[in-house]
Amino acid sequence: MKVLSIVGARPQFVKLAPVAAALSASGETHVIVHTGQHYDERMSDVFFEDLRIPQPDVHLGVGSGSHGAQTGAMLGALDAVLDEHRPDWVLVYGDTNSTLAGAVSAVKMHLPVAHLEAGLRSFNRRMPEEHNRVLTDHAADLCLAPTHAAMEHLANEGLAQRAVLVGDVMTDICFLVRDRVAGNAPDLPAGFTPGDYLVATIHRADNTDDPARLEGIAAALGSIPAPVLLLAHPRLVARASELGIELARGQVTVTRPLPYPDMVAAVLHSRGVVTDSGGLQKEAYLLGAPCTTLRTETEWPETLAAGWNVLAPDLVGVAEYAVRPRPESDRPPVYGEGDAAQRVVRTLTDRLPR
Ligand code: UD1
């Protein structure tokens, strides 16, 4: 079986790692195409190195742009690549512009498409990720769902026949890396003590691009009565600088994004997480850190059970939520046990179009 993975943005490299390992262990042929959506070393290269992912076979180098320009550049470049490789499956990951471009390109070339992390919904039509997920699920021949809730969404949209529950590949890589870094002390800035600080990330357009909203977020982070390590995405740094909004307030220290193993270590030793990232909400749950999410909804509603994750859409109460005690309740394995990538490979093999 020949699988061609299309990736381009940071969270997709994390998802690719266990899938690439499982495909290699099964002796399958795997072609990796990097669209170039993320290109900073800290947003791309370090993930391939740290997570031992084979270097991409093809790099499209599209870079940043408006949604249309970026997605269109990928589409234009993908035709020749897919034509050259003619895989049995085109595998697309998550909900970025690279996901949508990969799915549309494959459909137009009459190549079977599988969507990994299918069926997630925020029901927020303002989010570019929501457009990407819905369109990709409906274009795909196979929807690989991470959760029961995702399976229900797919069924509600008439896609039950194409849907298979495989679990969450992010659990695979998160547990693997957790075990690898468990004995290491996290690399923290001066003044940060293990067990006492929070990890924060903000990158969604709805949070970064509206001046009043970004000012509110900077103020909320600055009001937290504990040291906050703000791992700043390039978009956040750029918008804050353009808008003249100071991020380093109160006990906030602003640093560059972390490589994945350092991120896992930082969360593992933190007292909690404040974020608008989907992936980090789930990593916080998997690693046992209480999370405060600065959004109106989450695609991972399982994390809200028993208070492991709390939504703070209007930014009220962030200072109190962020330092709340760790819930005493269990964290049931709603995201699988760490064997999702093997299920992905098995499903791709079983459902191979004849
Ligand atoms: C993208 C995904 C989002 C995912 C996120 C993870 C879409 C629509 N969104 O958002 O779902 O959660 O990746 O990070 O695909 N930039 C750099 N260097 C880089 C990459 C980006 O400086 O390596 C800057 C550029 O100014 C760029 C901006 O960040 O315009 C936004 O990047 P983009 O890839 O468009 O979207 P993300 O916000 O990263």
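The values are calculated or read from the model by the stated rules, or taken from the named source; none is laboratory data. What you are looking at is a predicted structure, and each value in this text was computed from that prediction instead of being measured. Here the Cβ is made from the backbone with ideal geometry for all residues, glycine too, and neighbour counts use every protein chain on show.
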Of the residues in the stretch 78-97 that are away from the ligand (no atom under 16 Å from the Cβ) and assigned to a helix (DSSP H, G or I), the one that is nearest to T29 (Cα to Cα) is H85
What pairs come up if the first residue lies in the stretch 197-208 and is under 17 Å from E283 (Cα atoms), the second is within 8 Å of the ligand (Cβ to nearest atom) and in a loop (DSSP other than H, G, I, E, B), and their beta carbons are under 6 Å apart, counting only those six or more places apart or on different chains? T201/S277; H203/H233
Of (1) under 18 Å from A106 (Cα atoms); (2) more than 10 Å from the ligand (Cβ to nearest atom), V19 satisfies all except one. Which? (1)
Please tell me if V113 is among the hydrophobic types (A, V, I, L, M, F, W, C) and surrounded by fewer than 22 Cβ atoms within 10 Å (Cβ to Cβ). no
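Each row is one residue, and each column tells you yes or no for (1) crowded, with 21+ Cβ neighbours inside 10 Å; (2) closer than 26 Å to V19 by Cα; (3) touching a residue at least 60 places away in the same chain (Cβ under 8 Å).
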| residue | (1), (2), (3) |
| --- | --- |
| L243 | no, no, no |
| L280 | yes, yes, yes |
| T296 | no, no, yes |
| V316 | no, no, no |
| E337 | no, yes, yes |
| T349 | no, yes, yes |
Restricting the stretch 22-39 to residues that are in contact (Cβ under 8 Å) with a residue 40 or more places away in the chain and within 16 Å of the ligand (Cβ to nearest atom), the one nearest to P87 (Cα to Cα) turns out to be V33
Residue selected from the stretch 169-183 under the condition over 17 Å from the mean Cα position of the chain (by Cα) and among the aliphatic types (A, V, I, L, M), by the criterion surrounded by the fewest Cβ atoms within 10 Å (Cβ to Cβ): A182
Residue that is within 23 Å of the chain's Cα centre (by Cα), within 16 Å of the ligand (Cβ to nearest atom) and more than 29 Å from E302 (Cα to Cα), where the choices are A240, A200, A205, A232: A240
Can you name the residue in the stretch 208-223 that is in a loop (DSSP other than H, G, I, E, B) and within 16 Å of the ligand (Cβ to nearest atom) and, of all such residues, is nearest to R10 (Cα to Cα)? D209
The lone condition N156 fails out of (1) farther than 19 Å from T96 by Cβ; (2) touching a helix residue (DSSP H, G or I) at 6+ places or on another chain (Cβ under 9 Å) is (2)
I want to confirm something. Restricting to the stretch 98-107 and keeping residues that are under 21 Å from E157 (Cα atoms) and away from the ligand (no atom under 12 Å from the Cβ), which single residue is surrounded by the most Cβ atoms within 10 Å (Cβ to Cβ)? A103
Considering each of A226, A248, A289 in turn, give the residue that is assigned to a loop (DSSP other than H, G, I, E, B), surrounded by 19 or more Cβ atoms within 10 Å (Cβ to Cβ) and away from the ligand (no atom under 16 Å from the Cβ). A289
Of the conditions (1) away from the ligand (no atom under 16 Å from the Cβ); (2) surrounded by fewer than 21 Cβ atoms within 10 Å (Cβ to Cβ), V3 clears all except one; give me its number. (2)
Conditions first: (1) surrounded by fewer than 20 Cβ atoms within 10 Å (Cβ to Cβ); (2) more than 11 Å from the ligand (Cβ to nearest atom); (3) without any contact (Cβ under 8 Å) to a residue 60 or more places away in the chain; (4) outside any loop (DSSP other than H, G, I, E, B). A73 passes all but one, so which condition is the exception? (1)
Please tell me if H110 is in contact with a Cys (Cβ under 8 Å, 6 or more places away or on another chain), at pLDDT 95 or above, assigned by TED's automatic domain parsing to the domain that holds Q37 and more than 12 Å from the ligand (Cβ to nearest atom). no
